Amino acid sequence: MRIQDYSLSRRSFLALGASALSGCSRSLHTVKSPDQAPPPFQYEEISSQAGLRYAWRVPGPRPLNILETIGNGCAFLDFNRDGNLDILLVGPKPALFLGDGNGRFTDVTKEVGLHLLQGHFLGCAVGDFDNDGYPDIYLTAYRGGVLLHNEKGKNLINVSHDAGIPPQPWGTSAAWVQLDPASPHLDLIVGNYVQFGPHHGPNLCNFNGVLGGCGPRYYSPIFPVLFKNRGGGAFQYEPLPRTALSGKTLGIACADFNQTGRQSIALANDEMPANLLIQRAHGFQDEAASAGMALNAQGRSYAGMGVDWGDYDNDGWLDLVVGTFDHEPKSVFHNQNGSFTDVSMPLGIGEKTLPYITFGCKWLDADNDGWLDLVLANGHVQDTIAQVDHALSYREPTLFFHNQQGTHFQEVSGIASTAFTRPIVGRGLAVGDFDNDGRLDVLIVDSEGTPLLMHNTTRNQNHWFRAKLKGVHSNLDGLGALLTLTAGDKTLLRHCATDGSYMSASDARVHFGLGSYQGPLTLQVRWPSGVKTTHHNLKPDAETLIAEQA
């Protein structure tokens with residue numbers, strides 16, 4: 001066993017110093033008092049009664065190394081196109097559960113052939129790469145990775161070799177994205193982490209006499225890879241400019257954030273400057289530094305993990321949230337016409353999140369009031385951290401923030417559900433409406449436990465609208481589209497995506513909360529192809545199929 005003395009490392013210093021920070025108590029989740037206003041939204045954990053029989057376990061001796069604590073992902077997807085969301089749980093033995101739309105899930109892992117897969121699987125990306133109407137799956141892995149073609153909702157076939165997608169050294173998050181407006185096909189970008197193994201750096205580090213997993217600085221970076229979809233099930237490797245990449249990528253989220261008509265790629269990198277890959281005339285350029293999101297508000301590289309796009313203040317521009325390490329504010333980069341400012345602290349998110357390590361993160365309108373809320377899945381990366389600092393723990397609570405009309409966020413985890421306060425090794429997180437009741441549900445990975453299926457049980461008078469896109473010149477699900485909804489005096493921007501968060505995939509349908517408004521709606525869609533369509537007199541409290549037109 002190779003052991004590195006880590007006593008003077010940055011992560012060890014931060015862990016030892018976190019307990020001394022003012023305002024950094026470990027007991028941050030809200031407790032409801034008798035005279036407190038009712039919670040803005042409520043959730044109930046139902047994984048057991050829903051039929052999700054699955055558990056993640058880390059075999060072997062302790063303490064755990066960096067590979068053993070990297071965690072896993074999950075997904076909401078409509079695998080068989082019956083209109084009901086299904087659930088994919090990723091681990092050494094991936095599992096698929098079909099949903100009935102009423103909160104019950106049936107394990108069909110063997111029926112679809114997932115049980116035949118072998119590998120150290122970690123995360124997933126969901127997208128219909130051949131536009132046949134059924135979502136396909138890419139599973140990331142340590143020294144592996146497979147592309148699974150969905151055979152009309154009946155089974156999954158490993159087509160990696162024929163597609164030209166080779167195994168990766170350490171695949172983490174991945175994303176499907178239509179990079180060419182003139183092509184309706186989805187391309188695939190796969191993040192890679194670090195060089196790890198018997199001949200690459202220490203296995204464990206010494207934290208002032210306590211052994212634990214080493215941080216990423218002791219390992220050389222590996223870089224993301226891009227595979228362009230040539231149609232007919234074939235992909236071609238396309239080199240990304242190495243000078244534009246930091247490596248050690250853990251999170252990927254794609255969007256047309258600057259509204260140029262082309263998709264850009266945000267890469268969250270672990271203790272390395274973030275990357276923002278923008279398509280220019282001569283290929284991709286990294287413009288994270290000039291855009292203001294390569295570093296955090298303190299001007300330092302942050303331990304980027306999960307990442308997600310969403311317009312939290314309804315100003316018509318997509319903002320970016322990035323999950324980070326403890327003693328680092330979880331960055332919220334406000335988008336001002338294509339340039340970014342880290343506003344985590346003034347929004348009230350920064351201080352509340354300082355003690356935690358955030359992996360999964362998603363914007364969602366949990367109470368349908370028209371403002372995007374924020375949920376964060378947390379867990380430490382060292383299973384022995386409590387021996388280093390008694391104020392820290394390996395298992396951490398989930399944090400949920402309620403959006404106060406774009407100016408401030410209130411942490412409401414404990415009053416939203418006691419399950420959010422349950423200490424877990426939080427990693428992957430996905431969002432989707434599995435029972436089609438117009439309220440967004442949440443799926444969370446506990447990488448040393450069982451999944452948390454959080455059912456949204458909020459009872460209020462708020463209304464909603466959901467768009468299911470159908471591309472013609474664009475990819476079939478419209479991934480990458482920008483949707484602007486006019487609801488009375490409100491204008492809301494949302495985007496169509498399955499990526500974001502951490503090694504996970506969310507519902508491709510686009511959800512809008514409308515608050516008290518229940519009149520006719522107007523929706524404008526800017527499709528990835530560049531086509532713009534406008535749809536009038538849409539009805540609230542319903543899902544509507546929105547088709548791209550010539």
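Scalar couplings 3J(HN,Hα) for segment 401-412, obtained by applying the Karplus form with A = 6.51, B = -1.76, C = 1.60 to θ = phi - 60°, are 10, 8, 7, 8, 6, x, 9, 7, 10, 9, 7, 10 Hz; x denotes Gly and Pro.
What is the magnitude of the charge dipole of the chain about its Cα centre, with +1 placed on the Cβ of each Lys and Arg, -1 on the Cβ of each Asp and Glu, and no other charges, expressed in debye to the nearest 20? The dipole magnitude comes to about 900 debye. The separation of segment 499-540 from segment 431-491, counted between C-alpha centres, amounts to 9 Å. Normalised Debye scattering of the chain at q = 0.08, 0.09, 0.12, 0.13 Å⁻¹ gives log10 I(q)/I(0) of -0.45, -0.58, -1.11, -1.34, counting only Cα atoms as equal scatterers and leaving out solvent. Which of rounded, prolate, oblate describes segment 205-355, given a ≥ b ≥ c as roots of the alpha-carbon gyration tensor eigenvalues and a/c under 1.5 marking rounded, otherwise prolate only if a/b is larger than b/c? Judged from the Cα gyration tensor, segment 205-355 comes out oblate (a/c at least 1.5, b/c at or above a/b). Taking amide H as placed 1.01 Å from N in the peptide plane, residue 240 has its amide H under 5 Å from the amide H of 226, each at least 5 places away in sequence or on another chain.
Once you divide the Cα radius of gyration of segment 119-253 by 2.2 N^0.38 Å, the number left is 1.18. Using a/c under 1.5 as the rounded threshold, could you call segment 429-537 rounded, prolate or oblate? The axes a ≥ b ≥ c are square roots of the C-alpha gyration tensor eigenvalues, and prolate needs a/b larger than b/c, oblate otherwise. Because a/c hits 1.5 or more and a/b fails to exceed b/c, segment 429-537 counts as oblate. Backbone amide hydrogens, once placed in the peptide plane, bring residue 518 within less than 5 Å of nothing, excluding anything fewer than 5 places away on its chain. Separation of segment 288-328 and segment 225-268, taken as the distance between their Cα centroids, equals 18 angstrom.
Using just the helices of the chain, give the 222 nm mean residue ellipticity in deg cm²/dmol: DSSP H runs with n ≥ 4 each add -39,500 (n - 2.57), and the total is spread over all residues, rounded to 500.
-1500 deg cm²/dmol
If a/c stays under 1.5 just call it rounded; otherwise compare a/b with b/c (prolate if a/b is bigger, oblate if not). Do that for segment 280-426, with a ≥ b ≥ c from the square roots of the Cα gyration tensor eigenvalues. Cα axes put segment 280-426 in the oblate bin. Partners of residue 93 within straight-line reach, counting aspartates and glutamates whose Cα lies under 19 Å from its Cα and excluding those fewer than 8 residues away in the same chain: 68, 107, 111, 136, 446, 448. Backbone geometry of segment 465-474 corresponds, through the Karplus equation with coefficients 6.51, -1.76 and 1.60 at θ = phi - 60°, to 3J(HN,Hα) couplings of 8, 9, 10, 10, 8, 9, x, 10, 7, 9 Hz, x marking Gly and Pro. Taking 31 Å as the limit for the C-alpha separation, the pairs 228/470; 152/248; 470/490 exceed it in the case of 152/248. Packing-based ranking of 445-456, 282-293, 496-507 yields 496-507, 445-456, 282-293, ordered from highest to lowest mean Cβ neighbour count within 10 Å.
Each of the peptides 328-337, 244-253 was scored by the mean count of other Cβ atoms within 10 Å over its residues; in descending order, highest first, they stand as 244-253, 328-337.
Calculated from the alpha-carbon coordinates, segment 345-424 shows an Rg and a Dmax of 13.5, 44 Å respectively.
Proximity of backbone amide H atoms, modeled 1.01 Å from N, is registered between residue 292 and 340 at under 5 Å, excluding neighbours fewer than 5 places apart on the same chain. Using the Karplus relation 6.51 cos²θ - 1.76 cosθ + 1.60 with θ = phi - 60°, the per-residue 3J(HN,Hα) values for segment 182-187 come to 7, 10, x, 9, 8, 8 Hz, with x marking Gly and Pro. Charge tally for residue 315 (other residues, Cβ to Cβ under 14 Å; Lys, Arg +1; Asp, Glu -1): -1. Normalised per residue, the accessible area of the chain is 35 Å², obtained with a 1.4 Å probe and no contribution from ligands, DNA or RNA.
The values are calculated or read from the model by the stated rules, or taken from the named source; none is laboratory data. Because the structure is a prediction, the values reported are computed rather than measured. Reconstructed Cβ throughout: ideal geometry from the backbone, glycine too, with neighbour counts over all protein chains shown. We work out accessible area using only protein heavy atoms, side chains counted, and drop any ligands, DNA or RNA first. Shrake-Rupley method; radii C 1.70, N 1.55, O 1.52, S 1.80 Å.
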